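Asker: Take a look at this one; I'll ask things after.
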Amino acid sequence: MAKVVITLKVMPNSPNADLKKIEAISKEKITKFGGEVGKVEIEPIAFGLNAVKLFFIMDESKGSTESLEDQILTINGVNSVEILDVRRAIG
């Protein structure tokens, strides 16, 4: 099976949310799910609110990321989780 590159956007519930903690726990959950985080970006949204974007690689055979999204939603301070992009990795 091929590898896929996934872009995941995690929205906090307030501008005061601890983004470093959300990032760290999200990385941990992605790793347990079988993914390998390659890059993390903080994306300004509006009025001081920032989102955490995580780019990771996982095996295509894992199928849906729905259970991973549900796990990340349980993190304290997280309002929503969205898959922005899924593409097959080349190589």
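The values are calculated or read from the model by the stated rules, or taken from the named source; none is laboratory data. Note that the structure is a prediction, hence the values are computed from the model and not measured. Cβ: placed from backbone, ideal geometry, glycine included. Neighbour counts: every protein chain shown. Quick note on the areas: whole protein, heavy atoms, side chains included, nothing else; ligands and nucleic acids left out. Shrake-Rupley method; radii C 1.70, N 1.55, O 1.52, S 1.80 Å.
Asker: For the stretch 9-31, which positions are open to solvent by 40 Å² or more (accessible area, probe 1.4 Å) and closer than 23 Å to Val86 by Cβ?
Answerer: Ile25, Lys27, Glu28, Lys29, Thr31, listed by residue number.
Asker: When the residues of the stretch 18-36 are narrowed to those that are over 19 Å from Asp59 (Cβ atoms) and among the hydrophobic types (A, V, I, L, M, F, W, C), which ends up farthest from the chain's Cα centre (by Cα)?
Answerer: Leu19
Asker: Oh, and also: Looking at the stretch 56-65, which of the residues that are more than 18 Å from Ile25 (Cβ to Cβ) and surrounded by 10 or more Cβ atoms within 10 Å (Cβ to Cβ) is farthest from the chain's Cα centre (by Cα)? Give the steps one after another, and end with the answer.
Answerer: Narrowing the stretch 56-65 to residues more than 18 Å from Ile25 (Cβ to Cβ): 57, 59-64.
From the residues that got through so far, the ones that are surrounded by 10 or more Cβ atoms within 10 Å (Cβ to Cβ) too are 57, 59-62.
Details: Ile57: 11, Asp59: 16, Glu60: 16, Ser61: 19, Lys62: 16 Å.
My answer is Ser61.
Asker: Restricting attention to the stretch 32-55, does a residue exist that is without any contact (Cβ under 8 Å) to a residue 40 or more places away in the chain, more than 21 Å from Lys3 (Cβ to Cβ) and open to solvent by 90 Å² or more (accessible area, probe 1.4 Å)?
Answerer: Yes, there is a match, as at least one residue in the stretch 32-55 is without any contact (Cβ under 8 Å) to a residue 40 or more places away in the chain, more than 21 Å from Lys3 (Cβ to Cβ) and open to solvent by 90 Å² or more (accessible area, probe 1.4 Å).
Asker: Test Ile6 against the criterion of being more than 13 Å from the chain's Cα centre (by Cα), in a strand (DSSP E or B) and closer than 16 Å to Glu82 by Cβ, and give yes or no.
Answerer: no
Asker: Is there any pair with a first residue in the stretch 12-25 that is in contact (Cβ under 8 Å) with a residue 24 or more places away in the chain and a second that is assigned to a loop (DSSP other than H, G, I, E, B) and open to solvent by less than 30 Å² (accessible area, probe 1.4 Å) whose Cβ atoms are under 7 Å apart and which are 6 or more apart or on different chains, and what are they?
Answerer: Short answer, once both residue conditions are applied: Pro12/Gly77; Asn13/Gly77; Ala17/Gly77; Asp18/Gly77; Ile22/Ile75; Ile22/Gly77; Ile25/Ile75.
Asker: Kindly provide the set of residues from the stretch 52-81 that are out of contact with any Ser or Thr (no Cβ under 9 Å at 6 or more places or on another chain) and either closer than 22 Å to Pro15 by Cβ or hydrophobic (A, V, I, L, M, F, W, C) (or both), ordered by number.
Answerer: Across the stretch 52-81, the qualifying residues are Ile57, Leu68, Thr74, Asn76, Ser80.
Asker: Which of the residues belonging to the stretch 32-83 are hydroxyl-bearing (Ser, Thr, Tyr) and in a strand (DSSP E or B)?
Answerer: Ser80
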